Amino acid sequence: MIRVLFLCTGNSCRSQMAEGWARELLAGRVEAHSAGTNPHGLNPLAVRAMAERGIDISRGTSKTLDDVLAQTPLDVVITVCDSAHESCPVLPGVRTIHAPFEDPPRLAANAGSDEEAMPHYRRICEEIRAFVADLESHIATPAR
């Protein structure tokens with residue numbers, strides 16, 4: 001079983017979605033975790049986007065990298081935003097893969113309502129699903 005951590009800035013949206021997809025799509029093959037470089041709580045619209053796809057991430061909590069490392073060793077860290085990639089420490093023996101996704105809250109900043117914001121969350125949710133569905137090939141690809 002491959003132990004994977006999805007890392008973003010807030011551990012509120014993208015990394016939580018990635019963890020949810022990995023638990024759903026890769027159960028038994030990947031042990032998925034998520035964390036943030038500056039965690040600040042679960043985003044309710046991310047929860048909603050995932051729930052629309054039948055995946056409940058509502059019990060997720062925002063964690064730091066140290067929180068996760070205290071509980072389990074890791075094989076791979078996947079940074080899902082540029083900020084996390086830039087601040088991710090080098091962890092001996094742990095491979096880092098950078099797979100940046102746009103930030104739904106930033107994309108939806110000018111939305112007048114949750115309904116106007118949701119298309120951004122849905123699009124990023126699907127992009128993350130596609131990446132996670134092919135995660136094992138990303139991990140198998142040699143580091144550059």
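The values are calculated or read from the model by the stated rules, or taken from the named source; none is laboratory data. This one's a predicted model, so the numbers in the text were calculated from it and none came from an experiment. Every residue, glycine among them, receives a Cβ derived from its backbone with ideal geometry; neighbour counts consider all protein chains shown. Ligands, DNA and RNA are excluded from the accessible area calculation, which covers all protein heavy atoms including side chains. Shrake-Rupley method; radii C 1.70, N 1.55, O 1.52, S 1.80 Å.
Counting other Cβ atoms within 10 Å, which GluC sites (Glu not before Pro) in segment 81-143 have at most 10 and lie in a DSSP loop? Before the final figure, lay out each step's value.
Values: sites: E86, E102, E115, E116, E126, E127, E136; in loops: E102.
Those that pass, being in a loop and sparsely packed, number zero.
Give the accessible surface of segment 31-70 per residue, rounded to a whole number of Å², with probe radius 1.4 Å and ligands, DNA and RNA excluded.
Working: 2000 Å² over 40 residues.
It amounts to 50 Å² per residue over segment 31-70.
Pull out a ≥ b ≥ c, the square roots of the eigenvalues of the alpha-carbon gyration tensor of segment 29-133, then state rounded if a/c is under 1.5, prolate if not and a/b is larger than b/c, and oblate in the remaining case. The shape class here is prolate. Ligands, DNA and RNA left out, the 1.4 Å accessible surface of the chain is 50% carbon and sulfur atoms.
Mean separation of Cα pairs under 8 Å and 6+ residues apart, divided by the residue count of segment 38-144: what relative contact order is that in percent? It rounds to 24 percent for segment 38-144.
Using R₀ = 35 Å, calculate the FRET efficiency as 1/(1 + (r/R₀)^6) where r is the Cβ-Cβ separation of E127 and A70; round to 0.05. Please list the in-between numbers first.
Values: r = 30 Å, r/R0 = 0.87.
That gives a FRET efficiency of 0.70.
Springs between Cα atoms under 10 Å define the GNM used for the chain, and in it the highest mean-square fluctuation of P92, P105, P73 occurs at P92. Within segment 86-142, all pairs of alpha-carbon atoms sorted by distance into 10 Å bins from zero give the percentages 19, 36, 29, 14, 2.
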